[in-house]
Amino acid sequence: MKYQNPAKTIKRINKGSKGFYTCTIDDVRAYMKHHEPGTLTRRVMIVELCTAARREDLRLLGPFNEFSMDGQRWLQWTQSKKPNRVIETPMLPMLQEEVADVRDGVYCKTSRGTPLTHGTMENYVRGWFDQAGVKGSLHGVRKGLSSILPHLGATSYEIDVLLGHEMGSYETKVYVAQAERKELATSLSKKLQKVKW
């Protein structure tokens, strides 16, 4: 007797999702304004803004990832997500100041000195955004950086380096193209206004 799949006639449920909300500069500013310096809440955001690390990598970053090159402090880590690229990025002054007091363990730790868990970190950050009265998540901040940087003149290759993507990645090209389309549309609208109809 031939096997018949009983689920074959059931229609697929497609709820369609736009994915994670992309945080804006205003969202991050509201978050930073609400959460005071010296708090874990603020530290998590500063480390994310300065590294664009994925959640699993962010929670484990610490002084052991620091090294010096050409008189500047850098961070280096291997991404936990395949293909497990090695990320190297200079430490911005804002980050250096924020983590200056951390000499062991990880930058973002609980009151017991242990790293936040993968799920706890995301839940905390969503809650901290809620407390600030804006929408957001860690992945939303990472996406936000990808959409903000092209407007500041960052190339797709620069953004690939920041995010640890393959050079010339499709995802980054989309962000850069969106920024360029907006700039071209603005330029075009100024030209159209000169037309005397």
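Just one of the numbered conditions (1) basic (Lys, Arg); (2) more than 20 Å from His35 (Cβ to Cβ); (3) in contact (Cβ under 8 Å) with a residue 24 or more places away in the chain is not true of Arg142: (2). Of everything listed in (1) surrounded by 15 or more Cβ atoms within 10 Å (Cβ to Cβ); (2) in a loop (DSSP other than H, G, I, E, B); (3) free of Cβ contacts under 8 Å to residues at least 60 places away in the same chain, the single unmet condition for Asp57 is (2). If you take the residues of segment 10-26 that are hydrophobic (A, V, I, L, M, F, W, C), out of contact with any His (no Cβ under 6 Å at 6 or more places or on another chain) and in a loop (DSSP other than H, G, I, E, B), which of them is modelled with the highest pLDDT? Filtering segment 10-26 for residues that are hydrophobic (A, V, I, L, M, F, W, C), out of contact with any His (no Cβ under 6 Å at 6 or more places or on another chain) and in a loop (DSSP other than H, G, I, E, B), the one modelled with the highest pLDDT comes out as Cys23.
Listed here are the residues, each with its yes/no results for (1) farther than 19 Å from Ile46 by Cβ; (2) of a type in the set (Gly, Ala, Ser); (3) in contact with a His (Cβ under 7 Å, 6 or more places away or on another chain); (4) assigned to a helix (DSSP H, G or I).
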{"position": "Trp74", "(1), (2), (3), (4)": "no, no, no, no"}
{"position": "Lys81", "(1), (2), (3), (4)": "yes, no, no, no"}
{"position": "Ile87", "(1), (2), (3), (4)": "no, no, no, no"}
{"position": "Gly119", "(1), (2), (3), (4)": "yes, yes, no, yes"}
{"position": "Tyr124", "(1), (2), (3), (4)": "no, no, no, yes"}
{"position": "Gly144", "(1), (2), (3), (4)": "no, yes, no, yes"}
{"position": "Val176", "(1), (2), (3), (4)": "yes, no, no, yes"}
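Among the residues of segment 137-166, just one is within 8 Å of the chain's Cα centre (by Cα) and β-branched (Val, Ile, Thr), namely Val141. In the set Lys135, Lys109, only one residue is basic (Lys, Arg) and more than 18 Å from Leu40 (Cβ to Cβ); that residue is Lys135. Scanning segment 83-105 for residues that are of a type outside the set (Asp, Glu) and within 16 Å of Thr39 (Cβ to Cβ) returns Met94, Leu95, Val99, Ala100, Val102.
Within segment 147-160, the set of residues being without any contact (Cβ under 8 Å) to a residue 60 or more places away in the chain and buried (at least 17 other Cβ atoms within 10 Å of the Cβ) comprises Leu149, Pro150, Ala154, Ser156, Ile159, Asp160. Scanning segment 90-129 for residues that are without any contact (Cβ under 8 Å) to a residue 12 or more places away in the chain and exposed (fewer than 12 other Cβ atoms within 10 Å of the Cβ) yields a count of 9.
Of the residues that make up segment 40-50, is at least one crowded, with 19+ Cβ neighbours inside 10 Å, part of a strand (DSSP E or B) and on the phi < 0 side of the Ramachandran plot? No: segment 40-50 contains no residue that is crowded, with 19+ Cβ neighbours inside 10 Å, part of a strand (DSSP E or B) and on the phi < 0 side of the Ramachandran plot. Checked against (1) closer than 27 Å to Thr39 by Cα; (2) in contact with a helix residue (DSSP H, G or I) (Cβ under 7 Å, 6 or more places away or on another chain); (3) outside any strand (DSSP E or B), His165 passes all but a single condition, namely (1). Considering segment 41-78 alone, what residues qualify as being under 22 Å from His165 (Cβ atoms) and either among the basic types (Lys, Arg) or in contact with a Gly (Cβ under 7 Å, 6 or more places away or on another chain) (or both)? Result: Arg54, Arg55, Arg59.
Exactly one residue out of Glu122, Glu166, Glu180 is modelled with pLDDT under 75 and either of a type in the set (Asp, Glu) or under 22 Å from Lys81 (Cβ atoms) (or both): that is Glu180.
The values are calculated or read from the model by the stated rules, or taken from the named source; none is laboratory data. Keep in mind that what you see is a predicted model, and the values were worked out from it rather than measured. As a convention, Cβ positions derive from the backbone with ideal geometry for all residues, glycine included, and neighbour counts pool all protein chains shown.
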